[in-house]
């Protein structure tokens with residue numbers, strides 16, 4: 001089955017790496033690359049659902065399609081709620097599986113791009129001084145400069161200067177763009 005699936009995915013131009021077990025996959029997975037995973041519920045030792053959950057606990061957010069000949073509706077609903085892209089029952093139509101894998105690959109790439117964006121925002125944020133970080137948090141909470149100045153016992157002009165430096169360091173053209181960046185880095189939609 002693994003060889004047949006490898007050939008099917010390769011015929012659709014997927015770059016495929018096949019593993020004899022979940023443990024082998026875990027030992028060899030490149031965590032720096034998007035993870036698009038096709039797994040079976042029944043695998044030797046660690047099953048496919050346990051593998052998916054393990055990857056999630058590691059913070060890898062794998063885009064996963066689960067196949068099975070032994071699934072049921074409650075199992076499918078449970079893993080779909082947990083974030084699995086699709087749950088496909090055997091025997092399956094190859095076109096249906098390929099559609100699911102294309103959707104999973106798109107999700108994997110989007111996840112990788114989001115992680116890169118968050119890492120970039122956090123790298124910029126790390127360049128802020130402690131005072132700038134404090135002011136940034138107050139700006140995110142929508143406090144005006146006047147209130148921030150009063151809370152930090154400084155002048156409005158000083159807050160304006162810090163705000164300009166924060167925008168510059170964070171690569172934002174406006175306060176609203178800065179707030180969107182910070183919400184995106186914290187996992188909130190913008």
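Overview of results
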quantity: Semi-axis lengths, Å, the stretch 2-114, gyration tensor of Cα atoms, sqrt of 5 times eigenvalues; calculated: 18, 17, 15
quantity: Normalised contact order of the chain, rounded percent, pairs of Cα under 8 Å and 6 or more residues apart; calculated: 15 percent
quantity: Answer label for Kirkwood radius over Cα pairs in Å (calculated), chosen among [x] 16.6; [y] 19.6; [z] 17.7; calculated: [y]
quantity: Global geometry of the stretch 127-185, whether rounded, prolate or oblate, following the gyration tensor of its Cα atoms and the 1.5 cut on a/c; calculated: prolate
quantity: Length added when fully stretched, residue 155-residue 142, from 0.36 nm per residue minus Cα-Cα; calculated: 2.9 nm
quantity: Prolate/oblate/rounded call for the stretch 1-61, Cα gyration tensor, a/c under 1.5 rounded; calculated: oblate
quantity: Prolate/oblate/rounded label for the stretch 91-190 (Cα gyration tensor, a/c 1.5); calculated: prolate
quantity: Residue among 40, 72, 153 with the largest mean-square fluctuation in a Gaussian network model of the chain, springs linking Cα atoms under 10 Å; calculated: 153
quantity: Inter-centroid distance (Cα atoms) of the stretch 98-173 relative to the stretch 1-40, Å; calculated: 36 Å
quantity: Relative contact order [Cα under 8 Å, 6+ residues apart], the stretch 1-105, whole percent; calculated: 23 percent
quantity: 154, 39 arranged by Cβ crowding within 10 Å, fewest neighbours leading; calculated: 154, 39
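FYI, it's all coordinate maths here, none of it is from the lab. Being a predicted model, the structure only gives us computed values, none of them experimental. Cβ coordinates were reconstructed from backbone atoms using ideal geometry, including for glycine residues, and neighbour counts include every protein chain displayed.
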